[in-house]
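The values are calculated or read from the model by the stated rules, or taken from the named source; none is laboratory data. Computed from a predicted model, the values in this text were never measured in an experiment. Cβ placement follows ideal geometry from the backbone for every residue including glycine, while neighbour counts extend to all protein chains displayed. Calculation scope for accessible area: heavy atoms of the full protein, side chains included, ligands and nucleic acids excluded. Shrake-Rupley method; radii C 1.70, N 1.55, O 1.52, S 1.80 Å.
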Amino acid sequence: MLAAGAATRFGAPKQRLLLPRVLAALGASAVDDVVVVTGAHEVETDARVVRCEDWQRGPGASLRCGLARLDSEAAIVVLADGPNLDPRAVDRLIDAWRSGSGERLAATYDGVNRSHPVLLGRSAWVEIPDAGARALAVTLIPCDDLREPGDVDTPEGWAHGDGES
């Protein structure tokens, strides 16, 4: 889980507020190991935390820090500011990867919106640019029947109640 940003538009460390909801969603999924990558702000959690000194270079730097700490064949990537993450979307990507759908997968909602979660097979880990996984070509996995995870950037977005800013 990427939680390294400065949260300047939010005006406070939003990771501390949103992290428990995203961790709960991951806990309800088939994911068996969670790494929270921090940078600008520390967080308190029972999950394994990795501090990324290069977080300012972009989400790709944070992602590379987290991937370097994993001993697995694939990784699910989610954002700490996506509080409406549905564990079924996570499981859908894992099932698609296990079925041979590719090494770079991303959930899509409403037939067009590429979003999170993203699944990266180990062979894709060396391809991560500073812009992050969004810069990679992926196979889209439909999650049209599920709610998007959201993207909270401002306090108003959080107060709106749907995770959108």
Read-out mean projected area of the Cα convex hull in nm², candidates [x] 10.5; [y] 8.6; [z] 15.2; calculated match is [y]
In debye to the nearest 20, the charge dipole size for the chain, taken about the Cα centre with +1 at each Lys and Arg Cβ and -1 at each Asp and Glu Cβ, equals 280
Rounded to a whole %, the carbon-and-sulfur portion of the accessible area of the chain at a 1.4 Å probe is 48
GNM of the chain, Cα pairs under 10 angstrom: of 117, 83, 129, the biggest fluctuation goes to 129
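Of all chymotrypsin sites (Phe, Trp or Tyr not before Pro) in region 91-156, which ones are in loop regions per DSSP and have a Cβ with at most 10 other Cβ atoms within 10 Å?
Sites meeting the loop and neighbour criteria: none at all.
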Cysteines of the chain without any disulfide-compatible partner (other Cys Cβ under 4.7 Å) are 143
So for region 83-133, using the alpha carbon gyration tensor with a ≥ b ≥ c as root eigenvalues (a/c under 1.5 gives rounded; past that, a/b versus b/c decides prolate or oblate), I'd call it oblate
Per residue, accessible area of the chain with a 1.4 Å probe, heavy atoms of protein chains only, in Å², comes to 49
